[in-house]
Amino acid sequence: MIDQFLNYLRFEKNRSMKTVERYAQSLCDFERYFKGRDEELTWASVDADIIRGWMESLMDKGNTASTIGTDLSAVRSLFRFALSRKLVDKDPAHLVTGPKKKKPLPQFVKEGEMNRLLDNEEWGDTYKDVRARTIILLLYETGLRRSELVGLNDDDVDFEARQLKVTGKRNKQRIVPFGEELATELQRYIEVRNREVPRLTKALFAGKRGQRIGGETVYHDVKDNLSRVTMLKKRSPHVLRHSFATAMLNNQAGLESVRQLLGHESLETTEIYTHTTFEQLRRVYKDAHPRGDTL
C-alpha cells in the first residue's frame, strides 16, 4: 500500500522527489513500529492507540514536535488515500492530534542594557538622533507595537494627564500612561521637530520632509541603536515591546495590568512573559547557588 501511495504522490500529485522520499521514510518507520509490536497487524487493522504509541516512541528518541508532525502528516495522507481507494475501511489517523510545537520564548533586552543605552551621553543633537532616542524610550516605556507608534498623532499625546491614546489592532483604542522622563523627551523632540521639519501631517513622528514616518525607518533606528548594547540576533521594535512586558513583570506588575497596557485580547498571550521571567530566575539561581549548576 505504501508503494501505491508513493506512486500517487509522484505521478498524480506531482510532488517533489524530496517530499516523496520524506513520506516514504515516515511510512516505513511506522510500518516497522507496528509490525514490531504485532506481526499480524496491517495498515487496515492498526488503530489510533498504535499511532499514538508510535508518536510517543519518536518523542522518546528526542525528535522535535515539528519532525513528529511531519511523520504524522505522512500517515494521515496515506490513510486518506487508502480510504478513498477502498484499501481500508477506516481512518484512525484523523483521531490523533500531533504534539504542540513549543513556542520560542520572546527575546528581550536586559534592564541594565537599556539603561546603558538611554543614559549614554553620546547621543547627538541632530533631529534624527533626538527622534531615534525618543522612539526607543517610548517603545520601551509603553510597550507599543511599531504600527501603533507610527500611527500616533500630536493630539494623541496628553501631557497634562501623561497618557497616550493608542489605536491598536482592529482599530481598538486604549489609553497608555507614561512617565516624567518620556514627557520631557517628547516635548524636547517636538520642539526640535517643529523647528527643523515642515508640518505636512498631524503625525507625531515625521521624516525630514515632514511626512509621517514609515515602519522601516523605525525598525532601522531601533536596530542600529540596540546594536550598541546587546548581542541579541533580533533587535527589532517588537523586542522593545517584549522588554517592556518583561521589565514590568520583573518589577511586580500584575499580569492583567500588563495585558491591558499591551492591548492583548487574551491573558494567555501575555502569560508567555511569565515564562520569560521564570527563565531569568532559573539562570540567576544556576549562577548564584553553590549547587545550582546541577539544575
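Quick check on segment 156-168: of everything there that is closer than 25 Å to P106 by Cβ and crowded, with 19+ Cβ neighbours inside 10 Å, which residue is farthest from the chain's Cα centre (by Cα)? Outline the logic, then answer.
First, the residues of segment 156-168 that are closer than 25 Å to P106 by Cβ: 164, 166-168.
The next check asks that each one be crowded, with 19+ Cβ neighbours inside 10 Å; those that pass are 164, 166.
Working: L164: 25, V166: 21 Å.
Result: L164.
With respect to being of a type in the set (D, E, K, R), buried (at least 17 other Cβ atoms within 10 Å of the Cβ) and over 32 Å from the mean Cα position of the chain (by Cα), R193 fits the description. Scanning segment 115-150 for residues that are aliphatic (A, V, I, L, M) and in a helix (DSSP H, G or I) returns L117, L118, V130, A132, I135, I136, L137, L138, L139, L149, V150. Listed conditions (1) buried (at least 17 other Cβ atoms within 10 Å of the Cβ); (2) among the acidic types (D, E); (3) at pLDDT below 95 are all met by E31, apart from (3).
If only residues of segment 1-28 that are of a type in the set (F, W, Y) and over 18 Å from L87 (Cα atoms) are counted, the one that is surrounded by the fewest Cβ atoms within 10 Å (Cβ to Cβ) is F11.
Each row is one residue, and each column tells you yes or no for (1) of a type in the set (A, V, I, L, M, F, W, C); (2) open to solvent by less than 80 Å² (accessible area, probe 1.4 Å); (3) on the phi > 0 side of the Ramachandran plot.
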| residue | (1), (2), (3) |
| --- | --- |
| E148 | no, yes, no |
| G151 | no, yes, no |
| D154 | no, yes, no |
| R170 | no, no, yes |
| I175 | yes, no, no |
| A183 | yes, yes, no |
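One line per residue, one yes/no per condition, for (1) assigned to a helix (DSSP H, G or I); (2) under 31 Å from the mean Cα position of the chain (by Cα):
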| site | (1), (2) |
| --- | --- |
| F5 | yes, no |
| L9 | yes, no |
| C28 | yes, no |
| G36 | yes, no |
| T42 | no, no |
| V46 | no, no |
| M55 | yes, yes |
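Of the residues making up segment 121-136, just one is over 20 Å from E111 (Cβ atoms), free of Cβ contacts under 8 Å to residues at least 40 places away in the same chain and open to solvent by less than 40 Å² (accessible area, probe 1.4 Å), namely G124.
What do you reckon, is L72 free of Cβ contacts under 8 Å to residues at least 12 places away in the same chain, closer than 28 Å to Y8 by Cα and crowded, with 16+ Cβ neighbours inside 10 Å? Considered against the rule, which asks whether it is free of Cβ contacts under 8 Å to residues at least 12 places away in the same chain, closer than 28 Å to Y8 by Cα and crowded, with 16+ Cβ neighbours inside 10 Å, L72 comes out as no.
The residues in segment 11-26 that are modelled with pLDDT under 95 and more than 32 Å from the chain's Cα centre (by Cα) can be counted, and the count is 5. For segment 184-197, does any single residue satisfy the condition of being assigned to a loop (DSSP other than H, G, I, E, B) and under 22 Å from H238 (Cβ atoms)? Taking every residue of segment 184-197 in turn, none turns out to be assigned to a loop (DSSP other than H, G, I, E, B) and under 22 Å from H238 (Cβ atoms). Residues in segment 86-116 that are free of Cβ contacts under 8 Å to residues at least 12 places away in the same chain, farther than 15 Å from V75 by Cα and open to solvent by 100 Å² or more (accessible area, probe 1.4 Å): K86, P104.
Look through segment 57-73, keep the residues that are assigned to a helix (DSSP H, G or I) and charged (D, E, K, R), and return whichever of them is nearest to P99 (Cα to Cα). Break it down stepwise before answering.
First, the residues of segment 57-73 that are assigned to a helix (DSSP H, G or I): 57-60, 65-73.
Applying the additional criterion that residues be charged (D, E, K, R) yields 60, 71.
On the way: D60: 13, D71: 11 Å.
Going through the qualifying residues, I end up with D71.
The values are calculated or read from the model by the stated rules, or taken from the named source; none is laboratory data. Quantities reported herein were computed from a predicted structural model and do not represent experimental measurements. Glycine gets a Cβ as well: all are built from the backbone with ideal geometry, and neighbour counts include every protein chain shown. Please note that ligands, DNA and RNA were not included when accessible areas were found on the heavy atoms of the full protein model with its side chains. Shrake-Rupley method; radii C 1.70, N 1.55, O 1.52, S 1.80 Å.
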